[in-house]
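See below for the structure under consideration.
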Amino acid sequence: MISVVIATINRSNELREISLPSLLGQDIDDFEVIVWDASKDDLSLGVVRDMEPLFREKGVSLTFHRAPRRGSASQRNDAVRSAKGRIVFFMDDDSEVSPDGIRGLSDCFGKYPYAMGAGLVVQEVVDGMNLSEPRSATEKLKDRFYRLAGYKRTRKVHPSGTAKGLWAGPGPAEWLSGCSMAFRRQVFDDIRFNERMETFGPYASGEDIEFSHRVFLKYGEPLRIAEKGMLVHRPSPTQRFRMDESAVATRILNRYLIMKVASARAPVLGRLGFAWFMLRNALVLPLSLGFDPVVKGFKMAIEALLSCPKVRVDDPCNSGGRIRHQALAAVEAAEPQAVPEAFRGQDNAPADDGKTEGLALQRSHSGLQRGAPFPCRGTDARDGGKGSLHHP
């Protein structure tokens, strides 16, 4: 079985109109869908409640979980614990999977038993325009030349941290896009998404590149782009962040963290490339943002860079696992009462320790407390008929 994880915040419309309908239209039913929501309102919860009967009729489990932490990396780290499948597939709330997409991923992992990660061919459509296809005369000419020369676009990561080939076709890959990336469950026994990339905001820009490339290097086997199925990314008009000093700092720090992983095979080349990246941004960004936010952003990033610990590709703490462990331990210490047996989560994922396995959180008038999982099948009288909010 494949566990589909959608980490989301304040995008109920995208869930209702794009991602969930595409999953409902899959040509197989051997998967589950987990919506991990960090919104402050209940709009996404309402969407899941409305659509759960349709998924249940199809034979697919659709569950809603209230995220205790906000951030693209931390939400994914937390959501993995609820996944029951042998494969965990992360997709965005504004992404649409083709009807054969889940089956395509399953077949890809079956065909390449040593591949630890796989994704779908990605197309990006904005206002009806397919950005993955050549548009200008120059782009079309270049595309025609590459075809005649037999050049095949692939997903590569330069030692400096630059990732190329987002719109590459089926074949081997060194990184996967966050809107379409799947990994074997055992990957998460040792590796987590790098929560340090959330230092300046919840949107951990580049965490997909850093994590998937780390998986590629650790296991020494190419990741794969599946031969069947595709995903269309329809970027949400809801902006993830605005370009200010925090965005500048995120751009610099997160690129450095990717470089630290990618330069393992060529340290000197990686650092030279990163130095050029810094210089180019110092010259170009002030033209669009102004001098003051760029200076502040660089200062924030450099202070964070100086405090960065040494990174090992296979170090689980590099991915924020230690932070996550401490957060769960703090919740348990605050609410030590036992969970009623009838309401224990069915989480069979490897836990950080034996004490946190199967815990659930419920929002109530008294704050966070352990409660029942919410499978979106009706309501729970204990929270005023709003439905219990589940987080293992």
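The values are calculated or read from the model by the stated rules, or taken from the named source; none is laboratory data. Given the structure is predicted, the values throughout are model-derived calculations rather than measurements. Please note: Cβ atoms are built from the backbone with ideal geometry, for glycine as well, and neighbour counts cover all protein chains shown.
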Exercise. Hey, does segment 28-40 have a residue that's in contact with a strand residue (DSSP E or B) (Cβ under 9 Å, 6 or more places away or on another chain), among the charged types (D, E, K, R) and surrounded by 24 or more Cβ atoms within 10 Å (Cβ to Cβ)?
Worked result: yes
Seminar exercise, completed: Filtering segment 228-246 for residues that are under 20 Å from N281 (Cα atoms), in a loop (DSSP other than H, G, I, E, B) and not basic (K, R) leaves a count of 3
Problem set entry | In segment 88-116, the residues that are touching a Phe, Trp or Tyr at 6+ places or on another chain (Cβ under 6 Å) and β-branched (V, I, T) | V88, I102
Exercise. Going by the conditions given, is E57 in a helix (DSSP H, G or I), among the charged types (D, E, K, R) and in contact (Cβ under 8 Å) with a residue 40 or more places away in the chain?
Worked result: no
Problem set entry | Meets criteria (modelled with pLDDT of 95 or more and not acidic (D, E)) for F211 | yes
For this session: Taking D27 as meeting all but one of (1) of a type in the set (D, E); (2) more than 26 Å from G110 (Cα to Cα); (3) more than 20 Å from the chain's Cα centre (by Cα), write down the number of the exception.
Result: (2)
Exercise. Counting only residues that are among the charged types (D, E, K, R) and in a helix (DSSP H, G or I), which one in segment 68-106 is nearest to V121 (Cα to Cα)?
Worked result: R103
Exercise. Would you pick out the residues in segment 214-236 that are touching a strand residue (DSSP E or B) at 6+ places or on another chain (Cβ under 7 Å), at pLDDT 90 or above and among the basic types (K, R)?
Worked result: R224
Exercise. Filter segment 86-123 for residues that are small (G, A, S) and farther than 17 Å from E221 by Cα; which is surrounded by the fewest Cβ atoms within 10 Å (Cβ to Cβ)?
Worked result: S98
Exercise. Is it the case that segment 208-227 has a residue that's part of a loop (DSSP other than H, G, I, E, B), over 18 Å from L305 (Cβ atoms) and within 20 Å of the chain's Cα centre (by Cα)?
Worked result: yes
Exercise. Looking at segment 187-207, which of its residues are of a type in the set (S, T, N, Q) and within 12 Å of the chain's Cα centre (by Cα)?
Worked result: N194, S205
For this session: Please state which of the following conditions L148 fails to meet, knowing it meets all the rest: (1) modelled with pLDDT under 90; (2) over 26 Å from I102 (Cα atoms); (3) buried (at least 23 other Cβ atoms within 10 Å of the Cβ).
Result: (3)
For this session: Scan G71, G25, G46, G104 and give me the residue that is under 25 Å from I209 (Cα atoms) and out of contact with any strand residue (DSSP E or B) (no Cβ under 8 Å at 6 or more places or on another chain).
Result: G71
Problem set entry | Unique match (being in contact with a Ser or Thr (Cβ under 6 Å, 6 or more places away or on another chain), touching a residue at least 40 places away in the same chain (Cβ under 8 Å) and crowded, with 21+ Cβ neighbours inside 10 Å) among A83, A67, A79 | A83
For this session: With the checklist (1) at pLDDT 90 or above; (2) touching a Gly at 6+ places or on another chain (Cβ under 6 Å); (3) under 27 Å from G273 (Cα atoms) in hand, flag the one item R153 doesn't pass.
Result: (1)
Exercise. Which one of these is buried (at least 16 other Cβ atoms within 10 Å of the Cβ), out of contact with any Asp or Glu (no Cβ under 9 Å at 6 or more places or on another chain) and modelled with pLDDT under 90: V248, V331?
Worked result: V331
Problem set entry | Residue that is nearest to Y256 (Cα to Cα), among those in segment 266-307 that are of a type in the set (F, W, Y) and surrounded by fewer than 14 Cβ atoms within 10 Å (Cβ to Cβ) | W276
Seminar exercise, completed: Scanning segment 151-180 for residues that are closer than 16 Å to V261 by Cβ, of a type outside the set (D, E, K, R) and surrounded by fewer than 24 Cβ atoms within 10 Å (Cβ to Cβ) gives H158, P159, S160, T162, A163
Problem set entry | Flag for M243 being in contact with a helix residue (DSSP H, G or I) (Cβ under 9 Å, 6 or more places away or on another chain) and closer than 29 Å to R147 by Cβ | no
